[in-house]
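Remarks on the structure that follows.
The values are calculated or read from the model by the stated rules, or taken from the named source; none is laboratory data. Predicted model only: the values in this text are computed from it and were never measured. Glycine gets a Cβ as well: all are built from the backbone with ideal geometry, and neighbour counts include every protein chain shown.
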Amino acid sequence: MLIGEVARRSGVSARMLRHYESLGLVRPSGRTGSGYREYSGEDIRRIFHVESLRSLGLSLREVGRALDDPGFTPSALVDDLIRRTRERIAAETELLTRLRRIDAADPGGWEDVLQVVAFLQALGSKSADARQRAVLSSSAGEVPVPVEALVEAVLSETDTNVAGALRWALARSGDDGTALLAEGLGSPVAAVRKRAVQSLAEMPGDEAGARLRDALAHPDVVVRGYAALALGTRGVVDAIPTLLDMIVAGRNDTDAADALAGLASDAVTADRIATGLVDRLAHGSAEAPARVRLTQALADIPGATAARALAELSQDGERAVAVTAAYLLRLRG
């Protein structure tokens, strides 16, 4: 079979077949009387073998060794190909992510594109100062901000100052980052979940509020706690049971008590909170430190229910509880 026919049937160009021949990969077995290359059936099978190995990512040099060196085993080479392929996929994925973020920033011209690229590079800097400067410059409106990049950064940021700047920038970005932050609540990493709920707590708007309400049922007590504190400042009474639990457990109990005091702005809610505190005080599993914390939380709850509870607690069998309640009663008037 002549080279033109081989090229047509195999899909390998005549130029590439000549290149294979120059490398010694596939040499035509014969020549016609006119000197044209003539390929045998075995030659054509070898061409397909070459193409098959090339499809795995082998270089032409590696293909030659695989076909001609009996001592050349595939195991080490395949392991190396796997490693190289993973590195290539990671690089391509990173590039795709960067391109998507540039597209999401909706740049108006190449100057905007260059600014976004510089911002993304600074956001990935090992220097906390460089990261913080990048976030602050983006928040000043100097750079089109890809919100996905801000969310990814805040979920992985360990520096307190940079994290605060990122949360501030996200809060100014509108609702675009809310859904992405909510996805962070499902992370298997506790630190990521905590950063996600802290960021959601600073996001304005009804959508963020709805996500925080959902987080009250989250299996992670830290997520529930931050969600309850944020909702308490927004006047959401659904946060009350979680805030009460935080006082019992001693987790951010001072903040939880402040949130309850802020929620007790009307008589009905104040009585509900006072009743909840009293119920937990009466619960047999509440230990002495927890009962003291619950008593202290009654201090800023207005209304008759809280006052009666403090009067009863001033006679409590636990001295710390009784002394605390008596002191709070004097402060109330």
Scanning segment 146-182 for residues that are touching a helix residue (DSSP H, G or I) at 6+ places or on another chain (Cβ under 7 Å), outside any helix (DSSP H, G or I) and not basic (K, R), which turns out nearest to A105 (Cα to Cα)? P146
If I filter segment 49-89 down to residues being without any contact (Cβ under 8 Å) to a residue 12 or more places away in the chain and assigned to a loop (DSSP other than H, G, I, E, B), which single residue comes out as surrounded by the most Cβ atoms within 10 Å (Cβ to Cβ)? F72
I'd like the full set of residues that are small (G, A, S) and closer than 16 Å to S173 by Cβ, limited to segment 105-122. A105
Inspect segment 279-288 for any residue being at pLDDT 95 or above and surrounded by fewer than 18 Cβ atoms within 10 Å (Cβ to Cβ) and give the result as yes or no. no
Among residues of segment 2-23, those that are in contact (Cβ under 8 Å) with a residue 24 or more places away in the chain and touching a helix residue (DSSP H, G or I) at 6+ places or on another chain (Cβ under 7 Å), counted: 7
Give the residue, chosen from T97, T93, that is of a type in the set (S, T, Y), under 14 Å from E148 (Cα atoms) and not assigned by TED's automatic domain parsing to the domain that holds G177. T97
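When segment 23-39 is examined, which residues are found to be under 58 Å from the mean Cα position of the chain (by Cα) and either in a loop (DSSP other than H, G, I, E, B) or among the acidic types (D, E) (or both)?
Matches in segment 23-39: G24, L25, V26, R27, P28, Y39.
If you scan segment 205-218, which residues turn out to be assigned to a loop (DSSP other than H, G, I, E, B) and either buried (at least 22 other Cβ atoms within 10 Å of the Cβ) or at pLDDT 95 or above (or both)?
Of everything in segment 205-218, those that are assigned to a loop (DSSP other than H, G, I, E, B) and either buried (at least 22 other Cβ atoms within 10 Å of the Cβ) or at pLDDT 95 or above (or both) turn out to be L216, A217, H218.
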Of these, E5, E92, E42, which one is in a helix (DSSP H, G or I) and within 46 Å of the chain's Cα centre (by Cα)? E92
Subset of segment 250-299 (residues that are charged (D, E, K, R) and farther than 20 Å from A230 by Cα): D271, D279, R280, E287, R291, R293
Answer yes or no as to whether S29 is in contact with a Ser or Thr (Cβ under 7 Å, 6 or more places away or on another chain) and free of Cβ contacts under 8 Å to residues at least 24 places away in the same chain. yes
Just to check your reading of the model, which residue among V222, V237, V197 is β-branched (V, I, T), more than 26 Å from A320 (Cβ to Cβ), touching a helix residue (DSSP H, G or I) at 6+ places or on another chain (Cβ under 9 Å) and crowded, with 17+ Cβ neighbours inside 10 Å? V197
Which one of the conditions (1) over 15 Å from the mean Cα position of the chain (by Cα); (2) within 26 Å of R213 (Cβ to Cβ) does T160 fail to meet, given that it meets all the rest? (2)
